[in-house]
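Computed from the coordinates by the stated procedures, all read-outs in this text should not be read as laboratory data. Predicted, not measured: the structure shown is a model, and the values here were computed from it. With ideal geometry, Cβ positions are generated from the backbone for all residues, glycine too; neighbour counts draw on all protein chains shown.
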C-alpha cells in the first residue's frame with residue numbers, strides 16, 4: 001500500500017485541517033487495518049476503549065447500530081458490505097416522489113434533460129428498431145431486355161433477399177437535441193456518519209439522496225465525482241481522510257456509497273477505528289470520545305481543501321432534509337451552468 005501524503009491547511013474558521021487522500025475504498029480499508037498495530041500507547045488505549053464501548057452497546061441492544069443488531073465486535077470489524085438494501089427500497093421511492101414534486105414546480109431552477117430526436121441526415125446512431133416500424137418488401141421486376149448476366153445477378157439478389165427490403169420511416173438516425181458537448185464537472189464531498197445522538201437508520205438518508213442526485217445529473221450528461229470524508233474535530237484541529245468513491249467516468253457503486261456514508265454498523269466501528277488510525281498517523285493523540293462534528297464542519301473542510309471548487313452534500317437525517325440538500329446543490333450548479341454558458 002502506498003503511504004498517503006499528509007496535507008495541512010488553515011481554514012477561514014480558524015481550524016487547522018490535517019488530511020490525506022485515498023484513491024479507493026479498498027486502499028482506505030487497508031490503511032486503517034495496517035495503522036492499528038502501529039498506534040502509540042495513548043491511541044491504543046483509546047481504541048481499546050472503543051471496543052469496550054461497542055461491546056456494551058451490543059449487549060444493551062442499543063439502536064445505535066440499526067437493525068438487525070450485530071452479534072459482536074468482530075462482526076462489525078468485518079462489516080464491509082452494506083446490508084440494508086431492503087431499507088433503501090422503502091426510502092428511495094419517498095425521496096424520488098418529493099424530489100419530483102419540487103422539480104415539477106420549479107422548472108426555472110432545474111436542468112433540462114436532453115431529448116432524443118431522429119433525423120434522416122445520417123447524424124447520430126442508426127436505430128434498427130425505428131426503421132423496423134415501417135419495413136416493407138419490394139417486389140423486384142426483371143426486365144427482359146437486360147443481358148443474361150444482369151438477369152442472373154438480379155435473380156441471385158432475389159434468392160438472397162438482397163436489396164428487396166425497405167422502410168417507410170425515413171428519420172432513423174437518433175441524436176440528442178439541445179445537448180452541449182461538455183458541462184462543468186461536479187465534485188461532491190459527503191461526510192460519513194454522524195454524532196452519537198443520531199439513531200442508526202437515520203444515517204441512511206445521506207447516501208440514498210446522494211445516489212438520486214448522481215442519477216439526476218448524469219442523465220443530463222453532467223460528469224460527477226464523489227468523495228467520502230471521514231473526519232472529526234478537537235482543539236481547533238480537524239483530521240480527515242478523503243476517499244475517492246467515484247471517479248467522473250465511473251458508474252456509481254451505491255453499495256459502497258451507502259456503506260461509507262450511511263451504514264451505522266460501518267461508521268460506528270470501522271469509522272471510529274479509522275479516526276484513531278488517521279489521528280495517530282497525523283501525530284495526534286485522540287481525545288476521549290474521539291472529538292466531535294460541529295455544524296458546518298463539512299463545508300469548512302470542502303471549502304478549505306478545494307479552494308471552494310467542490311460541493312458538500314450536507315448531513316441529512318430525514319427525507320425532507322435530504323431533498324432540500326439535493327435541491328440546494330441543483331440550484332448552485334444551475335448558477336454555475338449559467339455562468340459557464
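Couple of notes before you dig in:
- Shape of region 212-340, Cα gyration tensor, a/c cut at 1.5: prolate
- Relative contact order of region 199-341, taken over Cα pairs closer than 8 Å and 6 or more residues apart, is 28 percent.
- Full extension of the chain between residue 324 and residue 33 gives 101.1 nm of extra length, using 0.36 nm per residue less the Cα-Cα distance.
- A simple spin-label model places the labels of residue 86 and residue 113 3.1 nm from each other, with each point 7 Å out along Cα-to-Cβ.
- Cβ-to-Cβ counts within 10 Å put 244, 5, 270 in ascending order as 5, 244, 270, the fewest first.
- Efficiency of FRET from Cβ geometry, residue 250 and residue 8, R₀ 30 Å, rounded to 0.05: 0.55
- Rg over Rh, two decimals, region 280-341 (C-alpha only, Kirkwood Rh): 1.11
- Full extension of the segment from residue 307 to residue 73, taken as 0.36 nm per residue of separation minus the current Cα-Cα distance, would add 80.3 nm.
- Here the simple spin-label model places points 7 Å from the Cα toward Cβ, and for residue 56 and residue 212 these points are separated by 3.8 nm.
- Summary of the geometry: region 233-306 and region 70-99, compared by the centres of their Cα atoms, lie 19 Å apart.
- As a proxy for reagent exposure, 28, 82 were ordered by neighbouring Cβ count within 10 angstrom, fewest first; the result is 82, 28.
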